[in-house]
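Novice: Take this structure, written in structure tokens, and hold onto it; I'll ask about it next.
The values are calculated or read from the model by the stated rules, or taken from the named source; none is laboratory data. Being a predicted model, the structure only gives us computed values, none of them experimental. All Cβ positions, glycine included, derive from the backbone under ideal geometry; neighbour counts span all protein chains shown.
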Amino acid sequence: MSKIVSVHSFRGGTGKSNVTANLATIIARSGQRVGIVDTDIQSPGIHVLFGLNEDKIGYTLNDYLWGRCAIEDAAYDVTPLLKTSHKGAAIRGSIYLIPSSIKTGEISRILREGYDARLLNEGLGNLSRRLKLDYLLIDTHPGINEETLLSIILSNVLVIILRPDHQDYQGTAVTVDVARKLEVPKMLLVVNKVLPAINFGVLEQQVQRTYNTTVASILPVSEEMFQLGSSDVFSLCYPNHPWTQGVSAIAKHIVQNKITSLFGQNGYLKF
């Protein structure tokens, strides 16, 4: 049975999709079969990070939700794209991405009609079994709605991304409260886009004390990230960067002892 990991933020702009894509890549490097579902149907985009061009996308998650295909028909093995763009990249596992449609008409239809969240629940189970996934990562839509609540309920691990910003702090408090009421087995906080002048240790203690929840990582703001502009998977382009090592720390919390041989004594992934 797949371990389901939802990556969520209360507001947009936290770097949620970047964290999701890099988590999937890092875990797949250990030989795991990883699925990613882009349930941010109103503003999809994680496919861009993997170089999955629109002209290569046939079926999407939207098609499954509207009964046009089986969910595995909307799954794309993006591992070869990463190996081609990063020759010699040691990705021993596989990454399967289920994108959402970026067509204006189909996004408008979702906004107008919605979809049956229970069908998504059924599809995630079928996807895990049919692709024999070890991990299934859900890139959620920001905020709290029916689809987000479903993702949280299904999750073995909920990763909540926030920035060091007062609006994010308040919204994250709502998300943490909801997750506790839904009895999520494991919840992790990740603070992203932190300025280097801030004391990371002090910030981690403050956030952990505020929410009484494990802080899996503090991720620095990165000029290289802005330069890359979501055109590639950051951890493959900058394997020794502090941001990459920070995401590796999140991965370790998720996989626990399953693939610990891949991690060094400092708890970071070995590249």
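Novice: Just checking, which of Y96, Y115 is in a strand (DSSP E or B) and over 29 Å from P220 (Cβ atoms)? Before the answer, list the steps.
Specialist: Numbers: Y115 fails: in a strand (DSSP E or B).
Answer to the selection: Y96.
Novice: Right, something else. Out of contact with any Phe, Trp or Tyr (no Cβ under 7 Å at 6 or more places or on another chain), farther than 16 Å from V7 by Cα, buried (at least 16 other Cβ atoms within 10 Å of the Cβ) and at pLDDT below 95, is that true of I107?
Specialist: On the way: out of contact with any Phe, Trp or Tyr (no Cβ under 7 Å at 6 or more places or on another chain): yes; farther than 16 Å from V7 by Cα: yes; buried (at least 16 other Cβ atoms within 10 Å of the Cβ): yes; at pLDDT below 95: yes.
Considered against the rule, which asks whether it is out of contact with any Phe, Trp or Tyr (no Cβ under 7 Å at 6 or more places or on another chain), farther than 16 Å from V7 by Cα, buried (at least 16 other Cβ atoms within 10 Å of the Cβ) and at pLDDT below 95, I107 comes out as yes.
Novice: I'd like to verify a number: residues in the range 153-172 that are modelled with pLDDT of 95 or more and not in a loop (DSSP other than H, G, I, E, B), how many?
Specialist: Of the residues in the range 153-172, 7 are modelled with pLDDT of 95 or more and not in a loop (DSSP other than H, G, I, E, B).
Novice: I'd like the full set of residues that are under 12 Å from T210 (Cα atoms) and surrounded by fewer than 20 Cβ atoms within 10 Å (Cβ to Cβ), limited to the range 159-174. So that I can check it myself, show each step before the final result.
Specialist: Within the range 159-174, the first condition is being under 12 Å from T210 (Cα atoms), and the residues that meet it are 169-170, 172-173.
Y169, Q170, A173 - these are the residues of the range 159-174 that are under 12 Å from T210 (Cα atoms) and surrounded by fewer than 20 Cβ atoms within 10 Å (Cβ to Cβ).
Novice: Residue check, T210 against (1) surrounded by fewer than 17 Cβ atoms within 10 Å (Cβ to Cβ); (2) in contact (Cβ under 8 Å) with a residue 12 or more places away in the chain; (3) within 30 Å of R29 (Cα to Cα), all met but one. Which one?
Specialist: With (1) surrounded by fewer than 17 Cβ atoms within 10 Å (Cβ to Cβ); (2) in contact (Cβ under 8 Å) with a residue 12 or more places away in the chain; (3) within 30 Å of R29 (Cα to Cα) applied to T210, the lone miss is (3).
Novice: Can I ask one more? Could you list, in sequence order, all residues of the range 123-150 that are of a type in the set (D, E, K, R), under 17 Å from N62 (Cβ atoms) and outside any helix (DSSP H, G or I)? Step through it out loud before you land on a result.
Specialist: Step one: list which residues in the range 123-150 are of a type in the set (D, E, K, R), which gives 129-130, 132, 134, 139, 146-147.
Filter once more, keeping what is under 17 Å from N62 (Cβ atoms): 139, 146-147.
Within the range 123-150, D139 is the sole residue that qualifies.
Novice: Please go through (1) surrounded by fewer than 22 Cβ atoms within 10 Å (Cβ to Cβ); (2) within 22 Å of L228 (Cα to Cα) for R112 and return the number of the only condition it doesn't satisfy.
Specialist: The failed condition is (2).
Novice: Moving on to the next point. When residues of the range 69-99 are filtered for being hydroxyl-bearing (S, T, Y) and buried (at least 17 other Cβ atoms within 10 Å of the Cβ), how many remain? Before you say what the answer is, go through the steps one by one.
Specialist: Just the residues of the range 69-99 that are hydroxyl-bearing (S, T, Y), to begin with: 76, 79, 84-85, 94, 96.
Checking the rest, the ones that are also buried (at least 17 other Cβ atoms within 10 Å of the Cβ) come to 76, 79, 94, 96.
Count: 4.
For (1) free of Cβ contacts under 8 Å to residues at least 12 places away in the same chain; (2) surrounded by fewer than 24 Cβ atoms within 10 Å (Cβ to Cβ); (3) part of a helix (DSSP H, G or I); (4) touching a His at 6+ places or on another chain (Cβ under 7 Å), each residue gets a yes or a no:
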site: T14; (1), (2), (3), (4): no, no, no, no
site: V19; (1), (2), (3), (4): no, no, yes, no
site: Q42; (1), (2), (3), (4): no, yes, no, yes
site: H47; (1), (2), (3), (4): no, no, yes, no
site: D55; (1), (2), (3), (4): yes, yes, yes, no
site: G67; (1), (2), (3), (4): yes, yes, no, no
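Novice: Does at least one position in the range 247-254 carry a residue that is more than 18 Å from I27 (Cβ to Cβ) and either in a helix (DSSP H, G or I) or touching a helix residue (DSSP H, G or I) at 6+ places or on another chain (Cβ under 8 Å) (or both)?
Specialist: Keep residues of the range 247-254 that are more than 18 Å from I27 (Cβ to Cβ), which gives none.
Checking the range 247-254: not a single residue is more than 18 Å from I27 (Cβ to Cβ) and either in a helix (DSSP H, G or I) or touching a helix residue (DSSP H, G or I) at 6+ places or on another chain (Cβ under 8 Å) (or both).
Novice: Does A89 qualify as being modelled with pLDDT of 90 or more and either among the basic types (K, R) or farther than 18 Å from V48 by Cα (or both)?
Specialist: Details: modelled with pLDDT of 90 or more: no; either among the basic types (K, R) or farther than 18 Å from V48 by Cα (or both): yes.
Considered against the rule, which asks whether it is modelled with pLDDT of 90 or more and either among the basic types (K, R) or farther than 18 Å from V48 by Cα (or both), A89 comes out as no.
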